[in-house]
Every structure is written in structure tokens, then in C-alpha cells.
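Enquirer: Quick one: this structure, given as C-alpha cells, is what I'll be asking you about.
The values are calculated or read from the model by the stated rules, or taken from the named source; none is laboratory data. Everything numeric here is computed off the predicted structure, so don't read it as measured data. Glycine gets a Cβ as well: all are built from the backbone with ideal geometry, and neighbour counts include every protein chain shown.
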Amino acid sequence: MINLVVFASGSGSNAENIVNYFRTHKEIRVKAFYCNNPHAFVIERAKRLKVPLRVFDSKDLASVTINKFLYEDGIDYIILAGFLKLIPKSLIHAFPNKIINLHPALLPLYGGRGMYGSKVHEAVIANHEKKSGITIHLVNEHYDDGKILFRAETYLEPNETPESLAEKVHALEHKYFPLVIEQFIKGG
């Protein structure tokens with residue numbers, strides 16, 4: 001069995017979607033959620049879904065503590081779903097090409113430090129872009145800079161708001177993120 005951990009900092013709707021997608025999978029399962037925000041709603045989702053949860057702080061992420069947790073949990077792949085911290089080099093080296101991130105824009109546009117959630121959608125609209133979407137990519141030492149695995153697009157309407165764009169992007173996330181994770185792990 002291939003074990004995934006989902007790192008999340010917020011609501012966790014993508015984390016829940018991934019759990020549901022892999023719940024009956026014969027080869028892949030979500031083993032745990034890891035969260036760096038003790039007030040995040042993903043904690044409630046973990047309880048409801050009966051998914052083991054580890055809550056940690058920034059110093060744990062920067063130390064060997066996280067690597068120890070991952071080893072203890074038998075993790076094979078790390079999935080970032082709304083995780084807002086930069087992944088340290090030590091973790092990237094421990095999991096080469098095994099950390100996958102979801103970004104709510106068409107990278108390389110609107111990526112990097114501070115570009116997450118509604119900030120991304122606001123920037124896309126402010127710059128009068130015709131389209132936005134999602135990018136699923138491998139993680140390296142820089143925010144939103146790893147090898148792109150998949151992109152999906154949606155077009156903006158003339159009266160688009162950050163909230164309406166977020167809904168469109170969220171639909172793409174839920175539709176494609178688990179599929180791309182599965183295809184990447186299975187080598188497709």
C-alpha cells in the first residue's frame with residue numbers, strides 16, 4: 001500500500017476530497033493529515049473522516065521532527081493541499097519528486113510567496129486576465145516553482161469576482177487533483 005499524507009493549513013476541502021477519492025483504492029490511501037494551524041477547519045474534517053492528524057508548528061517543520069513523524073507514519077508521498085509554508089530542503093531531499101502541490105492559478109503566473117487563496121484570484125482579476133485555473137506541480141526549494149505535472153483552465157467572465165473565480169477554480173481542484181496524484185504515483 002502506498003501511503004499519502006496531506007499537509008493543509010486551512011479548510012481542508014481538497015484534503016477531504018482526496019480522502020474520499022482514495023478511500024476504496026486498492027493501492028493508495030491517505031494515512032494522515034498534517035496541519036500547521038491549530039485553528040484550521042481541516043482538524044474538524046480529520047476527526048469526522050477518522051483520519052489520523054498531526055498538528056505541528058513552524059519549528060517542527062524546520063527540524064527533524066516532521067521527518068520523524070513521516071517515517072513513523074510510513075509515508076511515501078506528501079500532498080500539499082492549501083499548505084502555506086515553504087517546504088524545507090531537508091524534507092525535499094528526504095522525499096525527492098514525492099511532494100505534490102496544488103496551486104490556484106496557471107503557473108508560472110501568480111505564484112510565489114504570499115500568492116494563495118483570494119490573493120491569487122484578486123490579482124488575476126486586477127490584471128484583466130482572460131483565464132485562470134489550477135496547476136499541479138512537484139515541489140522544490142522555491143514557492144510554486146517545481147516541475148509542472150498538470151494544468152486546467154477556466155475562462156473569466158466580464159463581471160468575475162474573486163469569489164466567483166474561486167468557485168470555478170475550486171471545481172477544477174476537486175475534479176483533477178486526486179486523478180493527477182493517482183496518475184503520477186502509478187507512473188502515468
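Enquirer: If Ala62 satisfies all but one of (1) crowded, with 18+ Cβ neighbours inside 10 Å; (2) without any contact (Cβ under 8 Å) to a residue 40 or more places away in the chain, what's the number of the condition it fails?
Expert: (1) is the only condition that Ala62 fails.
Enquirer: Among the residues of the range 86-98, is there at least one that is over 16 Å from the mean Cα position of the chain (by Cα) and of a type in the set (A, V, I, L, M, F, W, C)?
Expert: yes
Enquirer: Might you let me know whether the range 122-134 holds any residue that is surrounded by 14 or more Cβ atoms within 10 Å (Cβ to Cβ), within 26 Å of Gly187 (Cα to Cα) and without any contact (Cβ under 8 Å) to a residue 60 or more places away in the chain?
Expert: Looking for residues that are surrounded by 14 or more Cβ atoms within 10 Å (Cβ to Cβ), within 26 Å of Gly187 (Cα to Cα) and without any contact (Cβ under 8 Å) to a residue 60 or more places away in the chain, one finds at least one in the range 122-134, hence yes.
Enquirer: Something else now. Having 2 or more residues that are closer than 29 Å to Val64 by Cβ, touching a Phe, Trp or Tyr at 6+ places or on another chain (Cβ under 7 Å) and among the hydrophobic types (A, V, I, L, M, F, W, C) is the bar; report the strands (runs of 3 or more DSSP E) wholly within the range 89-175 that clear it.
Expert: 99-103
Enquirer: Which one of the conditions (1) farther than 29 Å from Lys31 by Cβ; (2) in contact (Cβ under 8 Å) with a residue 40 or more places away in the chain; (3) part of a strand (DSSP E or B) does Ile78 fail to meet, given that it meets all the rest?
Expert: Every listed condition holds for Ile78 apart from (1).
Enquirer: Only one residue in Ile18, Ile2 is in contact with an Asp or Glu (Cβ under 8 Å, 6 or more places away or on another chain) and not aromatic (Phe, Trp, Tyr). Which one?
Expert: Among Ile18, Ile2, only Ile2 is in contact with an Asp or Glu (Cβ under 8 Å, 6 or more places away or on another chain) and not aromatic (Phe, Trp, Tyr).
Enquirer: For residues that are touching a residue at least 60 places away in the same chain (Cβ under 8 Å) and either hydrophobic (A, V, I, L, M, F, W, C) or in a helix (DSSP H, G or I) (or both), scanning just the range 21-45, find the one that is farthest from Lys186 (Cα to Cα).
Expert: Across the range 21-45, the extreme among qualifying residues is Tyr21.
Enquirer: Restricting to the range 57-84, and then to whatever is touching a helix residue (DSSP H, G or I) at 6+ places or on another chain (Cβ under 7 Å) and over 24 Å from Lys119 (Cβ atoms), can you tell me which residue is modelled with the lowest pLDDT?
Expert: Asp60
Enquirer: Being under 16 Å from the mean Cα position of the chain (by Cα) and part of a loop (DSSP other than H, G, I, E, B), is that true of even one residue in the range 46-66?
Expert: No, the range 46-66 contains no residue that is under 16 Å from the mean Cα position of the chain (by Cα) and part of a loop (DSSP other than H, G, I, E, B).
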